[in-house]
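Okay, structure first, notes after.
The values are calculated or read from the model by the stated rules, or taken from the named source; none is laboratory data. Bear in mind the structure is a predicted one, so any value in this text is a computation, not a measurement. Cβ sites come from the backbone with ideal geometry, for glycine too, and all protein chains shown count toward neighbours.
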Amino acid sequence: MIDVYINLNFESKEPIYTQLIHQIIAGIAKEEILPGERLPSVRSLAADIGINLHTVNKAYQQLKQDGFILIHRQRGVVVNPEGIPKADETYMESLKNTLHPLVAESICRGMEEKDFLQFCTEVFAEFKKGKEKEK
Amino acid sequence: MNIMMILLLVILIPVFISLMFTPYWTRKTESFGVSIPEEAYSSTELKGLRKRYVQMTGILSIVTTVLFLLFYLVGGKDENTIVIFLTIIISLFMFCSFLIYLKFHRDMKILKEKYQWSKTRSQQIFIDTRFREQKLTYSNLWFLLSFMITLGTILLTFQFYDQIPMQIPMQYNFSGEITNWANKSYQTVLIMPIMQVYLILLFVFINVMIARAKQQVSAKNPDKSLQQNVIFRRRWSAYIILTGTALTLMFTFIQLTFIFPVNAQLLIIIPLVFSVAVTIGAIALAITTGQGGSRLRTGITKDGDVIDRDDDRYWKLGVLYFNKNDPSLFLEKRFGVGWTINLARPLALIIFSIIILLAVGIPLLLGN
C-alpha cells in the first residue's frame with residue numbers, strides 16, 4: 001500500500017480549507033486516491049492535522065457539492081465510486097472565470113502567451129507522471 | 001540484600017536512566033521541548049547541550065543516591081520516618097530535575113531564536129489519508145486471556161472460600177511485614193479480582209489510545225517517519241498486552257497466596273522479578289525504538305528541504321500541550337517517550353480523572 005499524503009503549508013496565504021480541497025482533488029487526479037476509497041472522517045482528519053473541525057468540514061462539504069466525495073452517515077467519507085462528474089457547461093464556465101484573472105495578471109506582468117501555455121503543459125505532465133508512478 | 005537496596009535498584013536506577021537519557025530518545029525534530037529542524041539535532045551545539053544535561057541530571061542522581069544511603073546508614077528504621085523521608089527526597093528530586101529541564105528548555109529557545117530556524121524554512125504538515133487503514137496496534141482480543149484468568153481467579157476464590165483465613169493482608173511495610181489487615185468477606189476477597197478487571201480495562205484503554213493518538217509525520221521525510229511511527233505503535237501495543245497479561249497473572253498469584261500456603265520468599269521474589277522485567281522492558285523499548293520510532297533505522301532516506309509546523313506556542317514549558325483548535329485528545333509527548341493529552345480538551349481531562357479516581361477509590365471502598 002502506498003502512502004497518500006495531504007501536504008499543508010501553514011504560512012501560505014491560501015486558507016487551509018482550500019489547500020485541503022486542492023490536495024484531495026490532486027490526489028484523485030493522480031489516481032493516488034481511487035473512486036470508492038474511504039477518506040478519514042472529519043474528526044480524525046482534523047485531529048491529525050491539529051485544526052478546527054469546521055475547517056475540515058468546510059472542505060468536505062465543498063468537495064461533496066462538487067461531486068468528488070460522498071458523505072454517508074454510516075460508511076463515512078468516500079470518494080465518489082461512480083467517478084467524478086465530467087466537465088459540463090457550468091464547469092467550463094467557472095473554469096473560464098477562474099482562469100480570467102490569472103491570464104489578466106500574467107499579461108500585466110508582461111508574460112507571453114506561449115510561456116503561460118507552457119506552464120499549463122508542464123502541470124498536466126506532472127499529473128500524468130503521478131499516474132504512471134502509481135502503476 | 002535488604003529491602004532499601006532493592007528499592008534503590010528497582011525504582012531509582014530506572015528513574016535515573018530515563019531522566020538522564022530522555023533527550024536522546026525524543027524525536028530528532030525536538031530538543032528540550034522546542035521544535036527544531038532535523039539536521040540541527042546532530043549539530044555540535046545541541047550535542048554539547050545534551051551532554052551537559054546528562055552531566056547535570058547525573059550529578060542530581062548521585063546526590064539523591066548518596067542522601068538515600070546516608071539516611072539508611074544513619075538509621076531511620078521507623079516506618080513513618082522512612083515514608084516521610086522518601087516522599088521528601090522524591091519530591092525534591094522531581095522538582096530539581098524539572099528545574100534542570102527548564103534551564104535547558106530556555107537555553108534551547110534562545111538558540112532557536114538565534115538561528116531563526118522556523119523563519120527561513122517552509123513549515124509544512126503531512127497527513128497520510130490511509131494511515132488508519134493499516135494495523136497500528138495488536139487486537140484487544142488478546143486481553144480476553146487476561147479476562148479468563150481473572151474469571152478463573154474468582155471461581156477459585158469462591159471454590160476455596162472456606163480455606164481463606166479470617167483476615168486478609170492488605171498492606172506490607174518495607175521489611176515485608178503485614179501492616180494492615182482486612183476481615184474476610186465476599187467483598188474483601190474480591191478486591192484483587194476487581195483490581196484485575198480495572199487494570200485490564202485500563203490496558204485496553206491504553207491500547208485503544210495508542211491506535212487513536214494523533215498521526216505525527218515528519219515533513220522532512222514522510223515515508224520514513226510514517227514507517228517508524230507504525231512500528232513504534234505496534235511495539236508499545238505488544239508491550240502493553242504482554243505487561244497486562246503478566247500483571248493479571250501476578251495478581252492471581254497474590255490472590256492464591258490467600259488460599260494456599262506459599263513460600264514467603266516467593267511472595268517477595270515474584271513481584272520483584274515482575275517489576276524489574278517491566279521496567280527493563282520499557283527502557284529497552286525506549287532505547288531501541290525512541291519516541292515516535294525515531295531511533296529505528298529504515299531503508300528510506302529522502303531529505304526534503306521543509307520542516308514540521310512550528311507548534312511551540314501550544315506546548316507550555318515545552319511539556320504541556322494546550323491547543324483549543326486541535327480536536328485530538330492524545331498525542332506524542334514532546335520530551336520523553338509515550339503519549340500525553342491535549343489539556344484544552346475537557347474530555348481528555350475527564351478520562352484521566354476517572355482513571356485516577358478509580359485507582360484510588362476501588363481499594364479504599366472495598367477495603368472497609
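Looking across region A:33-54, just one residue is surrounded by fewer than 18 Cβ atoms within 10 Å (Cβ to Cβ) and hydroxyl-bearing (Ser, Thr, Tyr), and that is A:SER41. Checked against (1) small (Gly, Ala, Ser); (2) over 26 Å from B:THR129 (Cα atoms); (3) surrounded by 10 or more Cβ atoms within 10 Å (Cβ to Cβ), A:GLY110 passes all but a single condition, namely (3). Residue-level check: of (1) within 11 Å of another protein chain (Cβ to nearest Cβ); (2) surrounded by fewer than 19 Cβ atoms within 10 Å (Cβ to Cβ); (3) aliphatic (A, V, I, L, M), B:ALA219 misses just (2).
Can you find a residue in region B:55-63 that is at pLDDT below 90 and not aliphatic (A, V, I, L, M)? Taking every residue of region B:55-63 in turn, none turns out to be at pLDDT below 90 and not aliphatic (A, V, I, L, M).
Find the residue count for region B:253-295, including only residues that are of a type in the set (S, T, N, Q) and under 30 Å from B:LEU19 (Cα atoms).
Within region B:253-295, residues that are of a type in the set (S, T, N, Q) and under 30 Å from B:LEU19 (Cα atoms) number 6.
Every listed requirement among (1) modelled with pLDDT of 95 or more; (2) more than 14 Å from chain A (Cβ to nearest Cβ) is met by B:PHE160 save one, (1). Note on region A:55-80: residues that are more than 11 Å from chain B (Cβ to nearest Cβ), surrounded by 15 or more Cβ atoms within 10 Å (Cβ to Cβ) and farther than 30 Å from B:PHE322 by Cβ total 9.
Among the residues of region B:309-368, the ones that are assigned to a loop (DSSP other than H, G, I, E, B) and of a type in the set (Gly, Ala, Ser) come to 5 in all. Only one of the listed residues (B:THR137, B:THR188) is away from chain A (no Cβ under 14 Å), buried (at least 18 other Cβ atoms within 10 Å of the Cβ), farther than 28 Å from B:ILE269 by Cβ and polar (S, T, N, Q). That residue is B:THR137.
Among residues belonging to region B:103-156 that are touching a Phe, Trp or Tyr at 6+ places or on another chain (Cβ under 7 Å) and assigned to a helix (DSSP H, G or I), point out the one that is farthest from B:ASN221 (Cα to Cα). Selected residue: B:PHE143.
When region B:123-157 is limited to residues that are in contact with a Gly (Cβ under 9 Å, 6 or more places away or on another chain) and modelled with pLDDT under 95, the one that is farthest from A:GLN19 (Cα to Cα) turns out to be B:THR129.
Restricting attention to region B:237-269, the residues being over 21 Å from the mean Cα position of the chain (by Cα) and part of a helix (DSSP H, G or I) number 14. The listed residues are B:ILE350, B:ILE283, B:ILE269, B:ILE287, and the only one of them that is modelled with pLDDT of 90 or more and surrounded by fewer than 14 Cβ atoms within 10 Å (Cβ to Cβ) turns out to be B:ILE350.
Please verify whether region B:35-52 includes one or more residues that are within 14 Å of chain A (Cβ to nearest Cβ) and more than 22 Å from the chain's Cα centre (by Cα). Before you say what the answer is, go through the steps one by one.
Going residue by residue through region B:35-52, those that are within 14 Å of chain A (Cβ to nearest Cβ) are B:35.
After this cut, where a residue has to be more than 22 Å from the chain's Cα centre (by Cα) as well, the list is B:35.
Scanning region B:35-52 turns up at least one residue that is within 14 Å of chain A (Cβ to nearest Cβ) and more than 22 Å from the chain's Cα centre (by Cα).
Inspect all residues belonging to region B:82-97 and state whether any of them is at pLDDT 95 or above, farther than 30 Å from B:ASP223 by Cα and surrounded by 14 or more Cβ atoms within 10 Å (Cβ to Cβ). Checked against the condition, which is being at pLDDT 95 or above, farther than 30 Å from B:ASP223 by Cα and surrounded by 14 or more Cβ atoms within 10 Å (Cβ to Cβ), region B:82-97 yields at least one hit. With respect to B:PHE335, determine if the residue is closer than 30 Å to B:PHE21 by Cβ and crowded, with 17+ Cβ neighbours inside 10 Å. Considered against the rule, which asks whether it is closer than 30 Å to B:PHE21 by Cβ and crowded, with 17+ Cβ neighbours inside 10 Å, B:PHE335 comes out as yes. Do we have any residue at all in region A:28-42 that's in a helix (DSSP H, G or I), within 30 Å of B:ASP310 (Cα to Cα) and of a type in the set (Lys, Arg)? No - not one qualifying residue is present in region A:28-42.
When region A:2-20 is filtered for residues that are surrounded by fewer than 18 Cβ atoms within 10 Å (Cβ to Cβ), more than 7 Å from chain B (Cβ to nearest Cβ) and hydrophobic (A, V, I, L, M, F, W, C), only A:ILE2 remains.
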